[in-house]
């Protein structure tokens, strides 16, 4: 122990060293109450012991190999928060399990071959579509994204065979997107769909399908704002794979 520590700082360090399992997930305020010292004392002590602050010490403790159990936060929260965390874990894990390597590779190949990429999305899925558009553009692919329902309907009748259309739709039932998919089917335009509903109206008109898993639990049941996490995960995998393949 450093000889520069005051009596309060020495007391804190002894508490920290003897209770690592307890304090590894404590905030600085919680540690202050637990050790009966001020937050300023905690910061000073950590700096004297060679850390930039309490956060740096705690992260070093977590990474030491003794406290990196999967989702350790679940041991220190109530059942309600556990349910929220596990809901997201389930959505991500099941979405990853649904993905097929052939779908990813074929989608990337078709997108690379296309003269132009159109992305259609509505509502909360628009932010995911914009991110996809930006990433494809940064990878050198000419891409346009549309969310206006009337424009989607009109453009879907004019797209050429040498282009590709990507639909991002959580439930796969958005009327204008289904309408557009039907038009594109008649024109023999390639279509990639990102959705979480394998029985949706848009799926039969999709040439390549990214199927995610959506939890049945919603914390805003009176509103249509279900989690887009599965769509986001699939979009990132697709665009990251595209970037990797394009650089080769």
Those residues that are buried (at least 18 other Cβ atoms within 10 Å of the Cβ) and either within 23 Å of residue 131 (Cα to Cα) or over 30 Å from the mean Cα position of the chain (by Cα) (or both), I need them from region 190-202; list them, please. 190, 191, 192, 193, 194, 195, 196, 202
Checked against (1) farther than 21 Å from residue 240 by Cβ; (2) in contact with a strand residue (DSSP E or B) (Cβ under 8 Å, 6 or more places away or on another chain); (3) crowded, with 17+ Cβ neighbours inside 10 Å, residue 143 satisfies every condition except (1)
Residues satisfying the stated conditions in region 62-102, i.e. modelled with pLDDT of 75 or more and more than 20 Å from the chain's Cα centre (by Cα): 102
Inside region 141-154, the number of residues satisfying the requirement of being in a loop (DSSP other than H, G, I, E, B) and free of Cβ contacts under 8 Å to residues at least 12 places away in the same chain is 1
Of the residues in region 131-140, how many are part of a helix (DSSP H, G or I) and exposed (fewer than 15 other Cβ atoms within 10 Å of the Cβ)? 3
Across region 95-104, which residue is surrounded by the fewest Cβ atoms within 10 Å (Cβ to Cβ) among those that are assigned to a helix (DSSP H, G or I) and touching a helix residue (DSSP H, G or I) at 6+ places or on another chain (Cβ under 8 Å)? 96
Answer from 177, 231 - the residue that is within 17 Å of residue 98 (Cα to Cα), at pLDDT 90 or above and crowded, with 20+ Cβ neighbours inside 10 Å: 231
Mind listing whichever residues of region 155-170 are surrounded by 13 or more Cβ atoms within 10 Å (Cβ to Cβ) and either outside any loop (DSSP other than H, G, I, E, B) or free of Cβ contacts under 8 Å to residues at least 40 places away in the same chain (or both)? 155, 156, 164, 165, 166, 167, 168
Condition set assigned to a helix (DSSP H, G or I) and buried (at least 20 other Cβ atoms within 10 Å of the Cβ), scope region 109-129, selection farthest from the chain's Cα centre (by Cα): answer is 111
Residue 199 part of a loop (DSSP other than H, G, I, E, B) and either modelled with pLDDT under 95 or more than 12 Å from residue 118 (Cα to Cα) (or both): yes
Enumeration of residues in region 10-37 that are loosely packed, with under 13 Cβ neighbours inside 10 Å and either in a loop (DSSP other than H, G, I, E, B) or not assigned by TED's automatic domain parsing to the domain that holds residue 60 (or both): 36
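The values are calculated or read from the model by the stated rules, or taken from the named source; none is laboratory data. Being a predicted model, the structure only gives us computed values, none of them experimental. All Cβ positions, glycine included, derive from the backbone under ideal geometry; neighbour counts span all protein chains shown.
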